[in-house]
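Chemist: For reference, the structure I am asking about is given below.
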Amino acid sequence: MATILCIETATTNCSVALSVNGSVAAFKEDNPNGEQKGYSHAEKLHGYIEEVLASGNVSKSNLDAIAVSKGPGSYTGLRIGVSAAKGLCYALEIPLISISTLQSLSLQVKEEDTFVIPLLDARRMEVYSAVFFSEKRIRETKAEIVTEDSFLEYTDKKKTIFIGDGVSKFEPLCQHPNTTFITNKLPSAKQMAALSEKKFKTNDFEDVAYFEPYYLKDFIAG
């Protein structure tokens, strides 16, 4: 049973949630319609944190841990979120929990007996992807170029749902009848609540001094 502040900044969605015993008690984000925008995390994140704590009637001193989306995702977005999370952990002397960005995104799909494949934009024709079944990851996270033959080992077997801002790259290439595409979703701090509570219960914490985001690809200045 814990009170955890969850921070999600891996994409253009700046999202903060207050988790109390694994349920969302307060929530604020900059992506109500799943639309891609520019990055405003540096300006908005700390204000959102204060709003969420005030809405949940929780002071920083009452937090048990900070959870942060660890990637893969935007280099800039991840750096901002992780820096804020580390700063809070140091100041409050509480543990840091990291949450897989693709895992939390996959939890937005509620259907059973279905493969869920979150796809995040990784520039050009590349996406960040992983494969989940019954909320368990069954294939490692990759940065890969999508083609018409991508993911056939899953779509040939049963219904497969693709979700995320990388779907727009794959949907025009895929004509498989077992596929469903959800294009207007980005990772959100809401889905981090239950995941962070589970990690808190098992003391699955990161070393605050040495933790780095999971970039998966080298940063390229654009």
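Chemist: Pull out all pairs, ordered by first then second residue, where Cβ-Cβ is under 6 Å, the residues are six or more apart or on different chains, the first lies in region 158-170 and is touching a residue at least 24 places away in the same chain (Cβ under 8 Å), and the second is aromatic (Phe, Trp, Tyr).
Modeler: Here the result reads Thr160/Phe115; Thr160/Tyr154; Phe162/Phe181; Val167/Phe181, each pair linking region 158-170 to a residue that is aromatic (Phe, Trp, Tyr).
Chemist: Another question about this same structure. Can you confirm whether region 32-53 contains a residue that is of a type outside the set (Gly, Ala, Ser), under 24 Å from Phe211 (Cα atoms) and in a strand (DSSP E or B)?
Modeler: No.
Yes or no, residue by residue, for (1) among the basic types (Lys, Arg); (2) surrounded by 24 or more Cβ atoms within 10 Å (Cβ to Cβ):
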{"position": "Asn62", "(1), (2)": "no, no"}
{"position": "Gly71", "(1), (2)": "no, yes"}
{"position": "Lys86", "(1), (2)": "yes, no"}
{"position": "Ile94", "(1), (2)": "no, no"}
{"position": "Thr101", "(1), (2)": "no, yes"}
{"position": "Leu105", "(1), (2)": "no, yes"}
{"position": "Thr114", "(1), (2)": "no, no"}
{"position": "Leu119", "(1), (2)": "no, yes"}
{"position": "Glu126", "(1), (2)": "no, no"}
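Chemist: I've got another one for you. Scan region 46-87 residue by residue and report those that are over 18 Å from the mean Cα position of the chain (by Cα), among the small types (Gly, Ala, Ser) and more than 14 Å from Glu29 (Cα to Cα).
Modeler: Correct list: Ala54, Gly56, Ser59, Ser61, Gly87.
Chemist: Can I ask one more? Working carefully through the options Ser196, Ser134, Ser168, find the one that is surrounded by fewer than 17 Cβ atoms within 10 Å (Cβ to Cβ), among the small types (Gly, Ala, Ser) and more than 20 Å from Ala122 (Cα to Cα).
Modeler: Ser134
Chemist: I'm checking my understanding of the structure. Among residues of region 5-52 that are in contact with a Phe, Trp or Tyr (Cβ under 8 Å, 6 or more places away or on another chain) and of a type in the set (A, V, I, L, M, F, W, C), which one is modelled with the lowest pLDDT?
Modeler: Only one residue tops the list, namely Cys14.
The values are calculated or read from the model by the stated rules, or taken from the named source; none is laboratory data. Keep in mind the model is a prediction, meaning the values are calculated, not measured. When we count neighbours, we look across all protein chains shown, and the Cβ atoms used for this are built from the backbone with ideal geometry, even at glycine.
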